[in-house]
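The values are calculated or read from the model by the stated rules, or taken from the named source; none is laboratory data. For clarity, every value in this text was computed on a predicted model and none was experimentally measured. To get the accessible areas, we keep the full protein, side chains included, count just its heavy atoms, and leave off ligands, DNA and RNA. Shrake-Rupley method; radii C 1.70, N 1.55, O 1.52, S 1.80 Å.
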Amino acid sequence: MLKHKRSSIEMKESSIVLDLMPVFKSRNIKFPAQFLKRFGICSASASKMIKGKAVQINFTQLTAICLNLNCTPNDIMALRYLPLPENHALKVIRKLESHEEFKSIDEWAMGKSFEEVREIMRK
C-alpha cells in the first residue's frame, strides 16, 4: 500500500475553508492576530487563519476559537467554489465572501425588514 503525504492531495475545486474575518468584524475585534495568540495559537497559524490560507486546523484550536469567539464551527467555516447537489447537507454552510465587501451586521441589516432578516437566517 502506497502512503501519500497530505500535501499531495489536490482537489480540483476548493472546498470548506476557515473564514474568521466576518466573526472578528461582528465582534469588533480590531487585532485578530493578537486575539488568537492570547489563547495559544502561534503567530504563523494565526496569520494563515486570518488570511484564509490555513489548510488545516486541529480540534484544540477549533475549540479555543469557538469558545473565545462564542460561536460554532459553522460560523467560522465557508464554502468556496464547491458545486453541490440541491439537497446536500453542506448547503447550510455559508458561501465565502470577499472580505473587502464584508459589512458589519448593523450595515448588512440596515434597510431590511425583520421578516427579510428572519428568512435569510433560516436559509
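Remark: the Cα gyration tensor places region 43-91 in the oblate category, a/c being 1.5 or greater and a/b not exceeding b/c. Using heavy atoms of the protein chains and a probe of 1.4 Å, the accessible area assigned to ILE120 is about 80 Å².
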